[in-house]
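Notes to accompany the following structure.
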């Protein structure tokens with residue numbers, strides 16, 4: 001009986017000691033987190049001052065995603081013998097010059113993806129990688145400051161595809177107006193005097209026109225997180241069917257050194273592109289389609305994969 005009581009007492013002692021040790025460790029962890037938060041609170045204002053200093057700020061980050069697979073005699077699926085894969089990457093780059101009386105902001109966004117599905121039992125199918133996502137956008141914004149937050153500005157923005165039908169269509173916006181920078185990382189452009197040049201071999205669908213250009217761009221790097229959101233809108237003064245907008249977003253979280261996880265998604269509305277697809281590119285083209293007869297469906301894409309910070 002005495003041995004049993006001693007054993008129980010020993011177990012209770014070890015349990016209590018372990019609980020105390022766990023509580024002590026949790027308390028130490030909480031103290032460390034409080035210290036880190038205090039340090040970060042002192043660093044953030046210094047970083048804001050650094051970002052506001054005159055000179056060039058250059059950076060880039062991107063996402064790489066991909067997978068490869070091979071099936072042999074996998075009869076549960078419709079194509080038992082196949083090899084498939086997808087490869088894609090996104091790059092967001094910027095070069096911004098900040099001076100006392102003016103600024104010059106330059107940005108580029110590239111998103112490319114290839115996919116393939118090779119049915120090894122069908123010698124006539126296409127076994128090559130084909131283009132899936134194809135986005136290319138560059139912009140340059142110059143502003144002459146009227147105050148710390150407002151400027152008279154001029155914008156050049158060009159967007160097209162790279163892998164196929166380069167510059168067909170291609171869009172070039174040139175315009176002047178005002179730029180508002182309420183905070184360091186946010187830029188809002190409002191240009192009521194803008195011309196949207198559209199380059200295409202299909203001139204019965206794609207048309208250039210004058211209109212208003214609105215751009216909102218937010219780019220931020222905070223610790224291990226990089227984030228960029230860009231909304232670009234064109235409102236035609238001539239016809240609403242010639243208007244368009246694109247909203248792209250990129251996130252990257254660094255896990256180890258320059259490697260992390262990245263996610264990109266984009267939305268677009270462009271009735272000219274929709275009509276061109278229905279008339280010329282759809283599996284069953286409709287040559288009689290018009291702007292009034294089609295639905296302007298929302299265009300979307302997303303990419304998830306490893307990210308790489310430059």
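Where a number appears in this text, it was derived from the coordinates with a stated rule and is not lab data. Values in this document were obtained by computation on a predicted structure and should not be read as measured data. As a convention, Cβ positions derive from the backbone with ideal geometry for all residues, glycine included, and neighbour counts pool all protein chains shown.
Taking only the Cα atoms of segment 214-310, how large is their convex hull per residue, in Å³?
Cα-based convex hull of segment 214-310, divided per residue, equals 109 Å³.
State the extension gain, in nm to one decimal, for the chain segment bounded by residue 258 and residue 174, taking 0.36 nm per residue of separation less the distance between their alpha-carbons.
Here the answer is 26.6 nm.
Please sort 191-198, 123-130, 161-168 by packing, taking for each peptide the average over its residues of neighbouring beta carbons within 10 angstrom, highest first.
The peptides rank, most packed first, as 191-198, 161-168, 123-130.
Which residues among segment 279-310 fall inside the zone where the amide N is under 12 Å from a point 7 Å beyond the Cα of residue 79, along Cα→Cβ?
Under 12 Å, as judged by backbone N against the label point of residue 79, lies no residue of segment 279-310.
Using alpha-carbon positions, what is the distance between the centroids of segment 125-171 and segment 283-309, in Å?
Between the Cα centres of segment 125-171 and segment 283-309 lies a distance of 17 Å.
Once a ≥ b ≥ c are taken as the square roots of the eigenvalues of the Cα gyration tensor of segment 134-233, is the result rounded (a/c under 1.5), prolate (a/b larger than b/c) or oblate (a/b not larger than b/c)?
Since a/c reaches 1.5 but b/c is at least a/b, the shape of segment 134-233 is classed as oblate.
What ranking do 211-220, 290-299 get when scored by the average of other Cβ atoms within 10 Å per residue, highest first?
In decreasing order of mean packing, 211-220, 290-299 become 211-220, 290-299.
What percent do you get for the relative contact order of segment 171-310 when only Cα pairs under 8 Å and 6+ apart count?
Relative contact order here is 16 percent.
Under the rule a/c < 1.5 gives rounded, and otherwise a/b versus b/c splits prolate from oblate, where does segment 181-230 land using the Cα gyration tensor?
oblate
Mind ranking 170-183, 66-79 by how tightly packed they are, going by the mean number of other C-beta atoms within 10 angstrom, highest first?
Ranked by mean Cβ neighbours within 10 Å, highest first: 170-183, 66-79.
Stretch residue 186-residue 207 to full length: gain in nm at 0.36 nm per residue minus the Cα-Cα span?
Gain on stretching residue 186 to residue 207: 4.4 nm.
Quick check: from the Cα gyration tensor, does segment 55-309 come out rounded (a/c under 1.5), prolate or oblate?
Oblate, since a/c reaches 1.5 and b/c is not below a/b.
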